[in-house]
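Asker: This is the structure I want to talk about, given as structure tokens.
The values are calculated or read from the model by the stated rules, or taken from the named source; none is laboratory data. Since the model is a prediction, treat every value here as computed from it, not as a measurement. Cβ placement follows ideal geometry from the backbone for every residue including glycine, while neighbour counts extend to all protein chains displayed. SASA here: full protein model, heavy atoms, side chains in, ligands and nucleic acids out. Shrake-Rupley method; radii C 1.70, N 1.55, O 1.52, S 1.80 Å.
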Amino acid sequence: MAFVKVTTVQEVPVGKSKQVKAGGKTLALFNVEGAIYAIDDTCPHRGAPLWEGQLEGHVVTCPWHAANFDVTTGAHLCPPARSDVASYKVQVIGDEVQVDLPS
């Protein structure tokens, strides 16, 4: 695993999300009260981009079919999704947002 810069803090304001690509993966970043979390961006139900979903607290709602995911863990919270999405460790160094990706 290795931390890779994916964006800057300014690009992910509090309460917002952003899609980034790094290490061959498409990730969704979410800023929850100043803490940034990273999960796989693809809903396991039908492939919707989770970063486009509505973020309320630490829960994102899939924009296509309303499955809910905890952005802090990747856990699915309700159907129609039947599985979790991967979550990744995030660190902020200066203004860099870095995600721990498999090497």
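Asker: Would you check if G94 is open to solvent by 60 Å² or more (accessible area, probe 1.4 Å) and on the phi > 0 side of the Ramachandran plot? If you could, list the steps in order and put the result at the bottom.
Answerer: Values: open to solvent by 60 Å² or more (accessible area, probe 1.4 Å): yes; on the phi > 0 side of the Ramachandran plot: yes.
Answer is yes for this residue.
Asker: Of everything in the stretch 74-90, what is within 21 Å of E33 (Cβ to Cβ) and open to solvent by 60 Å² or more (accessible area, probe 1.4 Å)? Give them in sequence order.
Answerer: Matches in the stretch 74-90: L77, K89.
Asker: Does the stretch 77-103 hold any residues that are in contact with a strand residue (DSSP E or B) (Cβ under 7 Å, 6 or more places away or on another chain) and under 15 Å from T7 (Cβ atoms), and which are they?
Answerer: Correct list: Y88, V90, Q91, V92, D95, E96, V97, Q98, V99, D100, L101.
Asker: When E11 is evaluated against the numbered criteria (1) on the phi > 0 side of the Ramachandran plot; (2) among the acidic types (D, E); (3) surrounded by 14 or more Cβ atoms within 10 Å (Cβ to Cβ), which criterion, by number, is the only one it fails?
Answerer: It is condition (1) that E11 fails.
Asker: Identify all residues within the stretch 53-63 that are part of a loop (DSSP other than H, G, I, E, B) and crowded, with 22+ Cβ neighbours inside 10 Å; write none if there are none.
Answerer: Of the residues in the stretch 53-63, the ones part of a loop (DSSP other than H, G, I, E, B) are 53, 57-58, 62-63.
Those that are part of a loop (DSSP other than H, G, I, E, B) and crowded, with 22+ Cβ neighbours inside 10 Å: G53, C62.
Conditions tested, residue by residue: (1) surrounded by fewer than 19 Cβ atoms within 10 Å (Cβ to Cβ); (2) touching a helix residue (DSSP H, G or I) at 6+ places or on another chain (Cβ under 9 Å); (3) not in a strand (DSSP E or B).
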residue	(1), (2), (3)
L29	no, yes, no
I36	no, yes, no
I39	no, yes, no
R46	yes, no, yes
W51	no, no, yes
H65	yes, no, yes
T72	yes, no, yes
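Asker: Among what's in the stretch 14-27 and is in contact (Cβ under 8 Å) with a residue 24 or more places away in the chain and outside any strand (DSSP E or B), pick the residue that is most open to solvent (accessible area, probe 1.4 Å).
Answerer: The residue in question is K16.
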